[in-house]
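Down below is the structure, laid out as structure tokens.
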Amino acid sequence: MSESKPSGFMPAAFRNATADALCMVTVLLLVALAAFIFGGAAMQRVVTYAAIMLTAVLGLQIFSGNSGIVSFGQAAFVGLGAYATGILTMPTALQRTALRDLPQFLAGHQLSFFAALAVVLILAVIIGLLTGTPLLRLSGSSASIATLAMLIIVYTLLVAGREITRGSQPFYGVPREVGLWTAATVASVALVAARLFRETSFGLATRAAANDERGAAAVGVDQRTARLAAWVAGVVAAMAAGAMMAQFLGAFSPRDFYFDLGFTMLAMLIVGGMTSSLGAFAGVIVTIVLVEVVRRFEGGGEVLGLHLPVLFGLTQGVLAIAMILVIWRRPTGLFGERELNLLRRPGRQAVTASAAPPQHVESDRLTADHLSRRYAGVVAVDDVSLNFQTDSITGIIGPNGAGKTTLLNMLAGDVQPSAGTVSVGGAVRQASAFRFARSGVARTFQNIRVFPHMTVLENVVVAARQVEPDLGHAEAAAMGELARMGLEKFADQPAARLAYGQRRRLEVARALALKPRFLLLDEPAAGMNAVETAELVSILSTVRAERRIGVVLIEHDMRLVMNLCERIVVIDHGRVIADGTPGDVQKNPAVIAAYLGSRTARAKTATAENQTA
Ligand SMILES: Nc1ncnc2c1ncn2[C@@H]1O[C@H](COP(=O)(O)OP(=O)(O)OP(=O)(O)O)[C@@H](O)[C@H]1O
């Protein structure tokens, strides 16, 4: 079989993303043009402000939308960008009076806006790396709370650093060079960046980890690095927005970059839809229009003959209500998880799977050496030593709770052994699921761990990119794996829509896309009907023959095990009680006793339960 070459000068995913981004940029520029031609100064200021906020919100989307970690701290980076730009662009004469105590190394420079922006962007990368490295050791809500702490820390520093920031006094005298077209241009760049980021290997990896951390690690995703890239990109966008905000406002204080701004940004993103750049784009437009309408009533006045009192904070209140309504009616935001996907074609042409030799030639042996694993008094695996070769299929069987999954988890680097070691290709490896995957050990899970909110194709591309850095080739290889599993017609559907048996096959396709030397399958036929199981057996036999990989599978379906495996390892109470051909194992008295024993125990329990009932 031959691998089809990707067509076009750009991978399909990037072509689609670029078309989406250009469409949104066109809308933004048309709005700016309309404000420029037909709008007065006030309207142009509203659109300029909207473009600045869009840049900041897209930064938030790049991190939070892809990683699933809500960041409350993004406003802090807008503030840092604003203050840095303020200092760098303030006229030197004014600096001498407004910032009398400015440290020598910062004093006396007056840069143009774009020169200052370049400095701010470099600074943003450094700040992003310094803050993201410790922060992303945490995940989920702990990471979110840490971003909140970051907001408070930056606010406190801005207030405390009086020599540089004038403390809580207004920071004034910043030239107002940022207008409609500068803001629209920077926001356009941010739109393209946010839309394309989703499709980069970092974007795919971050989304995969947000969908399922263990599943992502099993396909070689180093989630910390991927999340760090998303974080840094988010900080860069936030600080760029801050740079524009400084020159848009001309004067500001730390309070302008605190909870209110953080809340407004989050509300904009949540209203539109967190997980897509389209959501961020639409969220900013919808909320800015809403806020502009509501603002007219904040100062009180007459509406349809009714006298309205002055209502301070009305805009924030309405924004909060809008956010609650959206979360209630459409938890994924007005635009849900959808991008525009202008060039995504349903029913893509299937391509044949690659028969290319596996990448990890060195890892021709997978060895468990005196492996044990204890869980608070339970010995799940007890001193197991096994050797698996490539070009073989081994079945691991045993009664429920015998320790099979725990053993497989250790062989996949997913569980740290209490004692003993696992080596791949003769080299002992520390438990690390993503490193094991990258060294040629792929796996599936007993409880399926596909990425439900990514498309079927993306599920497999995440894995394919670990061995094929070129996205176009990775897409072609992924389509090949899907075609092998009969899933190519679902390529552009979210994996959540697949039926149970199809999801199991998707997990196998995803594992195979890693071009592994070893494929570890935990009950691959569970929940499949007889026809599906027969198909799976045939696929696994073919794959093993074509790629000469070592398959190790746990299975309760004895017919499948006896048909497919040439070696069977039997585990009971965490120990290997038999290891041989299917014929030998079936006759082994210890195996018969273990299985009969567990059946007798089950029968006794059932009888006891019936009697009690
Ligand atoms: N994370 C865990 N924490 C505590 N105990 C665990 C954990 N994982 C497994 N165990 C225990 O270790 C023993 C072996 O479990 P394991 O899941 O490996 O067995 P198994 O042979 O795969 O079972 P089954 O065929 O039912 O899937 C069981 O007693 C189980 O309760």
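The values are calculated or read from the model by the stated rules, or taken from the named source; none is laboratory data. Nothing here was measured: the structure is a model prediction, and the numbers come from that model. Note: ideal-geometry Cβ built from the backbone for every residue, glycine included; neighbour counts use all protein chains shown. Side chains included, ligands, DNA and RNA excluded: accessible areas come from the protein's heavy atoms. Shrake-Rupley method; radii C 1.70, N 1.55, O 1.52, S 1.80 Å.
A few notes on this one:
- Summarised as an ellipsoid, segment 13-167 has semi-axes of 29, 26, 14 Å, derived from the eigenvalues of the Cα gyration tensor scaled by 5 and square-rooted, with the largest first.
- Ranked by the mean number of other Cβ atoms within 10 Å per residue, highest first, peptides 76-88, 192-204, 39-51 order as 76-88, 192-204, 39-51.
- Estimated FRET transfer efficiency (Val379, Ala149; beta-carbon r; R0 51 Å; 0.05): 0.80
- With the alpha-carbon atoms of the chain aligned to their principal axes, the span from lowest to highest coordinate is 93, 58, 49 Å, starting with the largest.
- Taking one quarter of the surface of the C-alpha convex hull of segment 38-100 gives a mean projected area of 6.6 nm².
- What the Kirkwood sum gives for segment 415-530 is a hydrodynamic radius of 14.8 Å, with every pair of different alpha carbons counted.
- Every helix of 4 or more DSSP H residues in the chain counts as -39500 (n - 2.57), and over all residues that averages to -18000 deg cm²/dmol at 222 nm.
- Stretch gain in nm, segment Val189-Ile324, where the contour uses 0.36 nm per residue and the Cα spacing is subtracted: 45.5 nm
- Projected onto their three principal axes, the Cα atoms of segment 228-331 cover extents of 54, 39, 19 Å, largest first.
- Over segment 33-74, accessible surface divided per residue gives 33 Å², non-protein components excluded, 1.4 Å probe.
- Pairwise FRET efficiency - Leu334 versus Arg176, Cβ, R0 = 30 Å, nearest 0.05: 0.35
- The relative contact order of segment 107-228 comes to 21 percent, based on Cα pairs under 8 Å that sit 6 or more residues apart.
- Placing dummy labels 7 Å off each Cα toward the beta-carbon, the span from Arg100 to Cys23 is 5.8 nm.
- Note on Leu30/Ser112: beta-carbon distance plugged into 1/(1 + (r/R0)^6) with R0 of 22 Å gives a FRET efficiency of 0.20.
- Normalised by the number of residues in the chain, the average gap of Cα pairs under 8 Å and 6 or more apart makes the relative contact order 17 percent.
- Each of Leu138 and Glu546 was given a label point 7 Å from its Cα along the Cα-to-Cβ line. The distance between the two points is 4.7 nm.
- Within the accessible area of the chain (1.4 Å probe), percent carbon and sulfur: 61 percent
- Radius of gyration and maximum dimension Dmax of segment 525-592, Cα, Å: 13.0, 36
- Net charge dipole size for the chain [Lys, Arg +1 and Asp, Glu -1 on Cβ; Debye, nearest 20]: 220 debye
- Lysine pairs meeting the criterion (Cα under 29 Å, 8 or more apart or interchain), as found in the chain: 7
- Accessible area in square angstrom per residue, segment 264-338, 1.4 angstrom probe: 54 Å²
- Projecting the Cα atoms of Thr542, Thr315, Val47 onto the charge dipole of the chain, computed from C-beta unit charges around the Cα centre, puts Thr315 farthest toward the positive end.
- Cα-based equivalent ellipsoid, segment 164-244: semi-axes from gyration tensor eigenvalues, Å: 35, 17, 7
- Evaluated at q = 0.15, 0.18, 0.24 Å⁻¹, the base-10 log of the normalised Debye intensity for segment 364-441, with identical point scatterers placed on the Cα atoms, takes the values -0.48, -0.69, -1.19.
- With respect to the chain, whose longest principal axis is taken over its alpha-carbon atoms, helix 41-60 is tilted by about 30°.
- Folded to 0 to 90 degrees: helix 471-484 orientation relative to the chain principal axis, Cα: 40 degrees
- Heavy-atom accessible surface of segment 427-526, averaged per residue, reaches 30 Å², computed with a 1.4 Å probe.
- Normalised by 2.2 N^0.38 Å, where N is the number of residues, the alpha-carbon radius of gyration of segment 392-483 equals 1.26.
- Rough spin-label spacing in nm, given labels placed 7 Å along Cα→Cβ, for Asn447 and Ala534: 3.3 nm
- The relative contact order of segment 426-524 comes to 45 percent, based on Cα pairs under 8 Å that sit 6 or more residues apart.
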